[in-house]
Amino acid sequence: MLRCSTGSQKLDALLAGGIETQPMTELIGEYGVGKTQICLKLCVMAQLPRDQGGLEGNSLFIDTEGTLSPERVYRIAAAMGLDPQQMLNNVIIARAYNSDHQSFLIDGLFKVCPEENVKLVVVDSMISHFRGEYVGRESLAERQQKLNQCLHKLLRLAEIYNIAVVVTNQVQANPAQGFGDPNRPAGGHVLAHACTHRVYIRKAKGGTRLATVIDSPSIPESKEYFVITEKGIEDAPSAD
Ligand SMILES: Nc1ncnc2c1ncn2[C@@H]1O[C@H](COP(=O)(O)OP(=O)(O)OP(=O)(O)O)[C@@H](O)[C@H]1O
Ligand SMILES: [Mg+2]
């Protein structure tokens, strides 16, 4: 297995060396915490040589919310001193218009990824279409079944081609929670089981972001701070 650096040494350390190929990584958090920013940074990082934390491959981004900004990829690469146009050219961008289309695009990855030497696949967000289309308790089982099918295809893809797969997820309010953080990851057990590495991101003081690995069998629960910058994401400046 290989590991792709996030560009933040602290976040890499939290992930025991970066985003792993084969097992899936999930970025969880409320709007504006930086899930998409991390994904865009990874799209650049994945292209770097291995000794610089990359996967020496191209990146593929499935955008479900229409929030992907190619200019942001360009600016991140430029701020890192890389050739921004070349970096952007090596990011394949696909817009998924609904959950069926998302599933169709994931099927297509089995052809595109080996042909285009894709080593990083991002689905941002994995859950939004499913949540939007299957509303109400009576459609929950069907939703989870369809979501599960998509996730298992991604897992198989990652294993066959040794690809890093990163999906983003939202949080939902848990009315049963009396104290502490009232939010929990959306997607239920299906998403929780499919994703080996789950990173919960929260806004913290001074515009920093706090990342926590949750539910990991191999990584003890620990926390690190990062910041969103022109270069994508970086370590938060230390407090002293
Ligand atoms: N160049 C930049 N420098 C610093 N911060 C930036 C830059 N570009 C974007 N940001 C910050 O990134 C944040 C948005 O992050 P992002 O879009 O990744 O959130 P998200 O978790 O994907 O949210 P959503 O759930 O709505 O998709 C904003 O707070 C914005 O200020
Ligand atoms: Mg986003």
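Numerical summary
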{"item": "When residues of the stretch 27-42 are limited to those that are open to solvent by less than 10 Å² (accessible area, probe 1.4 Å) and farther than 17 Å from Asp63 by Cβ, the one farthest from ligand 2 (Cβ to nearest atom)", "result": "Ile28"}
{"item": "Selected residue (criterion: farthest from ligand 2 (Cβ to nearest atom)) from residues of the stretch 68-96 that are closer than 21 Å to Gln52 by Cα and of a type in the set (Gly, Ala, Ser)", "result": "Gly81"}
{"item": "Residue ranges of helices (runs of 4 or more DSSP H) in the stretch 121-240 with at least 2 members more than 16 Å from ligand 2 (Cβ to nearest atom) and among the aliphatic types (A, V, I, L, M)", "result": "140-161, 188-194"}
{"item": "Close pairs from the stretch 46-68: first closer than 18 Å to Leu109 by Cα and open to solvent by less than 50 Å² (accessible area, probe 1.4 Å), partner among the acidic types (Asp, Glu) and in a strand (DSSP E or B), Cβ under 8 Å, at least 6 apart", "result": "Phe61/Asp124; Ile62/Asp124; Asp63/Asp124; Thr64/Asp124"}
{"item": "The listed residue being closer than 18 Å to Val166 by Cβ and among the acidic types (Asp, Glu), out of Asp51, Asp63, Asp83", "result": "Asp63"}
{"item": "Pair list, Cβ under 7 Å, 6 or more apart: the stretch 108-135 residue among the acidic types (Asp, Glu), other residue in a strand (DSSP E or B) and within 13 Å of ligand 1 (Cβ to nearest atom)", "result": "Asp124/Phe61; Asp124/Asp63; Asp124/Thr168"}
{"item": "Residues that are of a type in the set (S, T, N, Q) and surrounded by 13 or more Cβ atoms within 10 Å (Cβ to Cβ), drawn from the stretch 219-240", "result": "Thr229"}
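The values are calculated or read from the model by the stated rules, or taken from the named source; none is laboratory data. None of these values were measured; they are calculated from a predicted model. Note: ideal-geometry Cβ built from the backbone for every residue, glycine included; neighbour counts use all protein chains shown. For the accessible areas, the whole protein counts, side chains as well, though only heavy atoms, and no ligand, DNA or RNA atoms are used. Shrake-Rupley method; radii C 1.70, N 1.55, O 1.52, S 1.80 Å.
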